[in-house]
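Shown next, in structure tokens, is the structure this report addresses.
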Amino acid sequence: MSTIFTQVINREIPADIVYEDDTCIAFKDINPQAPAHVLLIPKKEIISMATVVPEDQAVLGHLMVKASEIATTLGLSESGYRLVVNTNEDAGQSVFHLHIHILGGRRLTWPPG
Ligand code: AMP
């Protein structure tokens, strides 16, 4: 089932897009939890990490490479950043289209809440 992120991909709702290619799109989180908070999503409608199949390997690898490049573009490479993929209820996943949070620009605490 499609989510609001498919509407972002299809330009049906506005988003502050920071990167896009044939496989993925990255845009600023509407409710940022850090000075830099970008969501990186595959254009393929993968529900969550819990539904990933072997055929998703190339897409997921692509996302990790792009996450690194986007973090560099955001100026986070040296200071540091965190990639987060909330998965299902205990992690608080609220949008069921797989997404990588790219968080940085402040000191992030550990362990996460
Ligand atoms: P999660 O809780 O891990 O599923 O993350 C979903 C994220 O999507 C939250 O951080 C929301 O603030 C963000 N979000 C929801 N709708 C939008 C939107 N239309 N544009 C940008 N970010 C959104």
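The values are calculated or read from the model by the stated rules, or taken from the named source; none is laboratory data. Since this is a predicted model, take the numbers as computed values, not measurements. Using ideal geometry, Cβ is built from the backbone for each residue, glycine included, and neighbour counts are taken over all protein chains shown. Accessible surface areas use protein heavy atoms only, side chains included; no ligands, DNA or RNA. Shrake-Rupley method; radii C 1.70, N 1.55, O 1.52, S 1.80 Å.
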Qualifying residue in the range 51-65 (condition: open to solvent by 20 Å² or more (accessible area, probe 1.4 Å) and assigned to a loop (DSSP other than H, G, I, E, B)): yes
Of residues in the range 14-31 being more than 15 Å from residue 95 (Cβ to Cβ) and within 13 Å of the ligand (Cβ to nearest atom), the one surrounded by the most Cβ atoms within 10 Å (Cβ to Cβ): 18
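Given the criteria crowded, with 17+ Cβ neighbours inside 10 Å, over 12 Å from the mean Cα position of the chain (by Cα) and outside any helix (DSSP H, G or I), does residue 39 qualify?
Working: crowded, with 17+ Cβ neighbours inside 10 Å: yes; over 12 Å from the mean Cα position of the chain (by Cα): no; outside any helix (DSSP H, G or I): yes.
When the stated conditions are applied, residue 39 does not pass them.
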Across the range 75-104, what is the total count of residues that are more than 15 Å from the ligand (Cβ to nearest atom) and open to solvent by less than 60 Å² (accessible area, probe 1.4 Å)? 3
The one condition residue 68 fails out of (1) open to solvent by less than 60 Å² (accessible area, probe 1.4 Å); (2) in contact with a strand residue (DSSP E or B) (Cβ under 8 Å, 6 or more places away or on another chain); (3) away from the ligand (no atom under 13 Å from the Cβ); (4) without any contact (Cβ under 8 Å) to a residue 24 or more places away in the chain is (2)
